[in-house]
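Structure first, then comments.
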Amino acid sequence: MHATTGGFFQVINHGVPLERREKLELASRKFFAQSTEEKRKVRRDEGNPLGYYDTENTKNVRDWKEVFDLTVKNPTVIPASHEASDNGVKEIVNRWPEYPSELREAFEEYAKEMEKLAYKLLELISLSLGLPANRLNGFFNDHTMRFRLNHYPACPVPHLALGVGRHKDGGALTILAQDDVGGLQVKRKTDGEWILVKPTPHAYIVNVGDIIQVWSNDRYESVEHRVMVNSEKERFSMPFFFNPDHNVMVEPLEELITEQNPAKYRAYNWGKFFANRRLSNFKKLGVENIQIHHFRIKEESSY
Ligand code: OGA
Ligand code: NI
């Protein structure tokens, strides 16, 4: 493993069998090559956010992409609504397209590999924080892990659009497989420059999300990133979002809190955070979507 830009890593000796990745990449290409009408047969709706859609907004700006969203645990329990006062839960299930018929099996096999890799990385992160390897595992018993197939079509006006607008991932970890086209950029902290994450064949790009930033009380940082589009080539990518149980209250780990280093965040409910994020992605709202800085405890001013 080697670091690229703080918070982003590429992993090479990850142990994920190449055949599994290639089988799913091929199924993804076949799925997106269909007509919009065909793809919309497995379109998501407000009741169930899983499935196909081509109308995502990042921070209220339309992205130049189409996606197919899947849950890893089928069914997955999530909050019934984004409302803080609503304690209800619901189950969501994957939608399977008729074509290609191998997509389901390809996904299920690949997701197992992603889970294994994610737990390995989680344990390494825990150790790096001076904690027992399994310290964080208990947050993932009834997890809300997600998987996404992304297709970024070639764009005639690449200077006017982004595949995904700048954002930070809200979950614990993201493990991304990108093809050889390139387009993912990471914001370098020192000077704010956008740095291209060069495609490395068969590697995975790993980034910590907001939850690990909060758990680690800012020792790890969730880094901003975005996706550029290309005027000639379409691009495919497959992020695996390693997310905890919907009822986890995310807050700095007590072992890392001292008088000199007090908690920098108030606790927040992961399921509600995610539901709010999704809501603002779903509808074009007039507000910026929910971010962890909304839970940041203001430092006492010293004057
Ligand atoms: C994401 C994301 C990057 C990519 O889906 O959150 O950052 O290269 N994707 O598709
Ligand atoms: Ni992202």
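Tell me the accessible surface of Val42 in square angstrom (1.4 angstrom probe, heavy atoms of protein chains only), to the nearest ten. Counting only protein heavy atoms, the figure is 10 Å².
Built from the Cα atoms of the chain, the convex hull projects on average onto 16.9 nm², one quarter of its surface area. Peptides 171-180, 113-122, 17-26, 83-92 ranked from most to least packed give 171-180, 113-122, 17-26, 83-92, packing being the mean of other C-beta atoms within 10 angstrom over each peptide's residues. Of the solvent-accessible surface of the chain, computed with a 1.4 Å probe over protein heavy atoms with every protein chain present, carbon and sulfur atoms account for 51 percent. You can think of it this way: the chain between Val93 and Arg62 has 8.6 nm of extra reach, that is 0.36 nm per residue less the Cα-Cα gap.
Taken over the stretch 6-127, the alpha-carbon convex hull comes to 171 cubic angstrom per residue. Shown is the FRET efficiency for Glu102 and Met249, computed with R0 = 41 Å from the Cβ-Cβ distance and rounded to the nearest 0.05: 0.55.
Using C-alpha pairs below 8 Å separated by at least 6 residues, the relative contact order for the chain is 22 percent. Here are some pairs, Lys23/Lys112; Lys41/Lys90; Lys65/Lys264; Lys189/Lys264; which of them have Cα atoms lying more than 24 Å apart in this structure? From Lys23/Lys112; Lys41/Lys90; Lys65/Lys264; Lys189/Lys264, over 24 Å: Lys65/Lys264. The stretch between Leu18 and Ala84, if pulled fully straight at 0.36 nm per residue, gains 19.5 nm over its current Cα-Cα span.
Annotation: per residue accessible area for the chain equals 48 Å², rounded to a whole number [probe 1.4 Å, protein chains only]. Calculated FRET efficiency, Leu26 to Thr200, Cβ-Cβ distance, R0 = 25 Å: about 0.80 to the nearest 0.05. For the charge dipole of the chain, defined by +1 on Lys and Arg C-beta atoms and -1 on Asp and Glu C-beta atoms about the Cα centroid, which residue among Pro262, Met114, Leu176 has the Cα displaced farthest towards the positive pole? Sorting the options by dipole projection puts first Leu176.
Between Gln260 and Leu124, the C-beta separation translates, for a Förster distance of 25 Å, into a calculated FRET efficiency of about 0.45. Which of rounded, prolate or oblate describes the stretch 77-177 when judged by the alpha-carbon gyration tensor and an a/c cut-off of 1.5? Rounded, since a/c falls under 1.5. Helix content alone sets the calculated 222 nm mean residue ellipticity of the chain: runs of n ≥ 4 DSSP H residues at -39500 (n - 2.57) each, divided across all residues, give -6500 deg cm²/dmol.
Between helix 18-32 and the chain, what is the angle of the helix's C-alpha long axis to the longest principal axis, kept within 0 to 90° and rounded to the nearest 10? Approximately 60 degrees, to the nearest 10.
Taking Met228, Met249, Met145 and ordering them by how much accessible surface each has at a 1.4 Å probe, largest first, produces Met249, Met228, Met145. Modelled spin-label separation between Asp142 and Asp45, with each label point placed 7 Å from Cα along the Cα-to-Cβ direction: 2.6 nm.
The values are calculated or read from the model by the stated rules, or taken from the named source; none is laboratory data. Keep in mind that this is a model prediction, so the values were computed, not measured. For neighbour counting, all protein chains shown are included, and Cβ atoms are generated from backbone atoms with ideal geometry for every residue, glycine included. The protein model used for the area step is the full one, side chains on, heavy atoms only, and it has no ligands, DNA or RNA in it. Shrake-Rupley method; radii C 1.70, N 1.55, O 1.52, S 1.80 Å.
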